[in-house]
Amino acid sequence: MRRCSDCGYFEPAGAPDCARCAAMVDEIVEGGWREFLEREFGTTEPPDERLIAEMVVDEPDKHPWRVVDAAYDRLTCAECGGKLSRGPAGCGPCDLANGFRYTAIEVDRPGVPPGNEHSLRVNLAVTRRPSGVSASEVLLRRLSLPLLLDGHLPTRGKAHATKAMARAGATEAELAAFVYSEWRNA
């Protein structure tokens, strides 16, 4: 794990507030999109990407989650004007798209414990769309990203203990210390 030169958090835990960390989070999704396009379509142009994105979101259960998330990023919400699925909580089309994203395929990366990819996916989704989620939940999700990206996965007990600490009012420093020490040894 490496510290971000802009915000000081372990990369990319400074997202969504740190632009550098937020770009790293988005790149996790974008990398999956580029691999998908190259593998399935070869060279594409932006207008083609939009058509492909529409196709992908019509069948989210047939594509990897990174591809689905990136496809939604290429579509505009008719209600809020933002990237579809990333608008504020309460935006009907974005809420619906955000729910559909979870039907996409999850495959754990080689060398990570089973369930790591699901945790990574959920934590990225919360970090990329923090509205409608408590500040403590966003904090826990973003703090865990560096460890999940490194292939760690907390035990159920350690994950519950972390949430309990947050609910009891633990400071950000206390939560970070617990996550970065205890989750590595899970």
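The values are calculated or read from the model by the stated rules, or taken from the named source; none is laboratory data. Quantities reported herein were computed from a predicted structural model and do not represent experimental measurements. Note that each Cβ is placed from the backbone with ideal geometry, even for glycine, and that neighbours are counted across all protein chains shown. All accessible areas refer to the heavy atoms of the entire protein, side chains included, with ligands and DNA or RNA removed. Shrake-Rupley method; radii C 1.70, N 1.55, O 1.52, S 1.80 Å.
Descriptive notes on the structure:
- The residue that is nearest to Leu84 (Cα to Cα), among those in segment 28-58 that are of a type in the set (Asp, Glu) and exposed (fewer than 13 other Cβ atoms within 10 Å of the Cβ), is Glu54.
- Scanning segment 49-108 for residues that are touching a strand residue (DSSP E or B) at 6+ places or on another chain (Cβ under 9 Å), among the acidic types (Asp, Glu) and either part of a helix (DSSP H, G or I) or at positive phi (or both) yields Asp61, Asp73.
- Residue under evaluation Leu153, criteria (1) part of a helix (DSSP H, G or I); (2) open to solvent by 20 Å² or more (accessible area, probe 1.4 Å); (3) farther than 20 Å from Asn98 by Cα, criterion not met: (1)
- Checklist (1) under 15 Å from Ala104 (Cβ atoms); (2) at pLDDT below 95 applied to Val57, failing item: (2)
- Being free of Cβ contacts under 8 Å to residues at least 40 places away in the same chain, in contact with a helix residue (DSSP H, G or I) (Cβ under 9 Å, 6 or more places away or on another chain) and within 19 Å of Glu30 (Cα to Cα) is a condition met by at least one residue of segment 133-151.
- When each of Pro64, Pro114 is tested for being over 21 Å from Ala13 (Cα atoms), open to solvent by 40 Å² or more (accessible area, probe 1.4 Å), free of Cβ contacts under 8 Å to residues at least 40 places away in the same chain and not aliphatic (A, V, I, L, M), the lone residue that passes is Pro114.
- Some residue of segment 128-137 being open to solvent by less than 50 Å² (accessible area, probe 1.4 Å), closer than 22 Å to Ile105 by Cα and not polar (S, T, N, Q): yes
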